[in-house]
Amino acid sequence: MYLLVFILNLLIHLAEKILLMQRLTSGGGFPEGGALSGVVSLTWRRSGRPARDTAASPRLGATRLAHRGGSGYPKEEDRGRAMLKQIDTRQLRVLQVLLEECSVTRAAKILDQSQPHVSLTLRKLREITGDPILVRSGSKLVPTERGLGMLAHVRAVLGGIDRIVGSPEVFDPGASAATFRLASADCMEAIFLPPLLQRLREQAPGARVVVRGIDASFDYAEALERDEIDAVICNWPGAPGHLKTAHLMTEDIVCLMGPQHPLAGRDRLSVEEYLSADHIAPVARSRADPGPIDLQLAEHGLRRDIQVMVAEFNLIPHILLASDVIFTSSARFAGYFESLMPLRSVSAPEMFGGLKFFLLWHERAQSDPRNIWLRGQITAVARSLPSVSG
């Protein structure tokens, strides 16, 4: 039986040599799977019985790799793919502590693990990376050059994982250098922004604030979606459904006019007086959205006669002084300009409801600590404004 095994192994060896010579002289390569992929080798157990081994011999395996263009060892990209599949977060944390402490004993104490377990993890990491990572230098361990290069990457990876699975960072306004980006309807600028900006400067002195107006050319919903602004303060209903909305306040509606206007002495305008008057209004953002005043009129099947439209909201009070048009606005806006100019405000017809103001933000910022804090400041300012009636 021993003689039969010896002869079979000899024949296998000779067959390898013959096929190799034939392939080299013909200039070709082995077909996929190797020329001898079906050869069965025989080995001996201690019991003396032959054991069937379907794996090719190490020599034959190396020959196959050589004829496929390989070196017999895993390539760097193969090792990288294997590392991605095998390494886990716990091993990365062990690797970080080992590289920082350069001691298996100290690493085990810090990680609250047994020293044999840390040693086993180090052995696995060496197999995965193909690098010793730590080598002995006298009585201590020192990191290899590659090990030193790993540390920064391991810290970055673990830091990223902690940020993904950990709790959101707490926003500290006093230490923040953030930029708060707001978009505001023109009618809010004079009455709402000054106290808001003052509050932000007091609470977050290192932060910057950027405010832009909202006109027909500005798509505030897209700007929120693209993270170009943080929040919108507006006075129109019907925001897109993917935006979050909070009611800030409701104002009485009044009609602002010059002191020379025939209706300036009234306490409240009737519907007939209101509709017969000539009106001035800001340019509508779009045909589909004429503004909150005209939307309320449309709900009653009514329409006012707008003789003048201007793009600049705060220009309107100056026009009122020299014309016979009236402007429909919130009581707070009218009261602000009445304190600066000789203008008169008269309560609008009772059919009008209040003029509502809203805060808008995007769903992606719903849980963002910085945005949550900013929304809280805007809401606090809205609640702190004194009540104004027409």
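Readers should treat all values here as calculations from the given coordinates under stated rules, not as data from a laboratory. Quick caveat, the model's predicted, so the values are computed rather than measured. Note that each Cβ is placed from the backbone with ideal geometry, even for glycine, and that neighbours are counted across all protein chains shown.
Full extension of the chain segment joining Arg268 with Asp219 gains 14.0 nm, where the gain is 0.36 nm per residue of separation less the Cα-Cα distance.
Testing the spin-label approximation: label points 7 Å from Cα along Cα→Cβ at Arg90 and Ala322. State their distance in nm. Once both label points are built, they end up 8.1 nm from each other. With a Förster radius of 25 Å applied to the beta-carbon distance between Arg208 and His247, the computed FRET efficiency rounds to 0.35.
Between Met351 and Ala298, residue separation times 0.36 nm minus the direct Cα-Cα distance comes to 17.9 nm.
With a Förster radius of 35 Å, plug the Cβ-Cβ distance of Leu275 and Ala380 into 1/(1 + (r/R0)^6) and report the FRET value to the nearest 0.05. In this case the efficiency is close to 0.35.
Mark the label point 7 Å from the Cα of Asn314 along Cα→Cβ and return the residues of region 255-298 whose backbone N is within less than 17 Å of it. It comes to 282-283, nothing else.
Using 0.36 nm per residue and subtracting the Cα-Cα separation, the extra length available between Arg123 and Ala284 on full extension is 50.9 nm. If you plug the beta carbon distance of Ile372 and Leu151 into 1/(1 + (r/R0)^6) with R0 = 35 Å, you get a FRET efficiency near 0.50. Relative contact order for region 241-328: 44 percent, from Cα pairs under 8 Å spaced at least 6 residues apart, divided by residue count. When a/c is below 1.5 the answer is rounded, else prolate if a/b is larger than b/c, else oblate, so apply that to region 76-165 with a ≥ b ≥ c taken from the square roots of the Cα gyration tensor eigenvalues. Cα axes put region 76-165 in the oblate bin. Residues Phe192, Phe218 in ascending order of nearby Cβ atoms (within 10 Å, fewest first): Phe218, Phe192. Of the peptides 150-158, 299-307, the ranking by mean beta-carbon count within 10 Å, highest at the top, reads 150-158, 299-307.
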